[in-house]
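Take a look at the structure set out below.
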Amino acid sequence: MSETFVTAHAMRLAPGRSAFVTHTEAPIPEFNGPFLCDIGQRPRSYGTGGTPTSARPALPLGRIKPLRDRAVAGFLRQTGTEVMMTEFGGMGVEMAAPAAAAGVKLHVHFHGYDASSHLRFPKIVKAYQTLFTQAEGFITPSRFIADNLVGIGCPADRITVVPCGVEAENFPPSSRSPGLCMAVGRFVEKKAPLTTIGAFAKIAEAHPEARLDYIGDGPLWEEAKAAVAQAGLEGRIRLLGSQPHDVVRKTMGEASFFLQHSVTSSNGDTEGLPVAIMEAMSAGLTIVSTRHSGIPEAVIEGESGALVDEHDLDAMARELDRLLADPDMAAAYGAAARQRLLEKFTLNHAIDKLQHAMGLA
């Protein structure tokens, strides 16, 4: 649900000319194409109508990889596939051998944790270094992530930086309800939901009109709920849980501020360039976020948003206080953010860059 960029790539890169290889057990209805599903256990092929065309019995763990590689290579040949893109580096490692066996050009799209926290494991780094000699090209959502890969040996001239992009028409300018702040994201360490809630709580008394709608859930949910209760702000901070993307769009169409305190987690996990940041830019929201990973590549500090250091709750509260007190400045930041999104970060920009990088244009 949170990885909307995967759906966008699947739907838009090569409409009507795409085949799909997945770990899921059945075809995904939105993707119109032949499928090879459940590759981790029992690869099964499906035609475009969702009808099974082959099935294989489940095998012991030690025999899964050879079976998978043969099934994937056969599927790629059967569908006449010429170019393949994998989402996330780990899938690139899995697909390198069958892609080579089928004579398919492989492009690997890294996104965040796969090129940050995973680089702490020598076994994964070694696998990536082998992958760098096998794949045709590599894609990252930010220069920050690209530099991480270059640091372990990826040739810089084979990396294309492509922020995932959003469909601007789905996120038109917000009506900017006064004082309405929102946040979107999983309740996990690298999203630092407790810091976002703490910063809002710090300015709540000075801005009685302000309120915060927080969409998402995860392992820090109960701590976040307790923090809201401890601050006595149950009526002004709404923890809405996981919601469909339509709810995210509706909330962005009403909010004035978008808050996201992204940080590097204790295991080294980082963002790439969060899609939610770009959605908020499209809606013309006033962004208050952090100098983290690819965020400063999209949000120009002091021009199209406010950025603070990671873990600096007080600085986030000061920026939010300043902008709540100056609605004209806040609105100007939002307008500049939308203009920047329209010029550089739409889904059309992303798809065009990806198609050119993969030779599909």
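The values are calculated or read from the model by the stated rules, or taken from the named source; none is laboratory data. Every value quoted in this text rests on a predicted model; they were computed, and no experiment measured them. Note that each Cβ is placed from the backbone with ideal geometry, even for glycine, and that neighbours are counted across all protein chains shown.
Things worth noting here:
- Taken together, 211, 238 contain a single residue that is farther than 22 Å from residue 113 by Cβ, of a type in the set (D, E, K, R) and touching an Asp or Glu at 6+ places or on another chain (Cβ under 8 Å), which is 238.
- Here residue 98 fulfils each of the conditions (1) closer than 19 Å to residue 267 by Cα; (2) buried (at least 21 other Cβ atoms within 10 Å of the Cβ); (3) in contact with an Asp or Glu (Cβ under 6 Å, 6 or more places away or on another chain) apart from (1).
- 3 or more residues at pLDDT 95 or above and buried (at least 23 other Cβ atoms within 10 Å of the Cβ): qualifying strands (runs of 3 or more DSSP E) within segment 241-346: 257-259, 286-290
- Residue list for segment 2-29, filter: surrounded by fewer than 16 Cβ atoms within 10 Å (Cβ to Cβ), modelled with pLDDT of 85 or more and among the charged types (D, E, K, R): 17, 25
- Test for residue 63: is it out of contact with any His (no Cβ under 9 Å at 6 or more places or on another chain), part of a loop (DSSP other than H, G, I, E, B), at pLDDT below 95 and farther than 30 Å from residue 356 by Cβ: no
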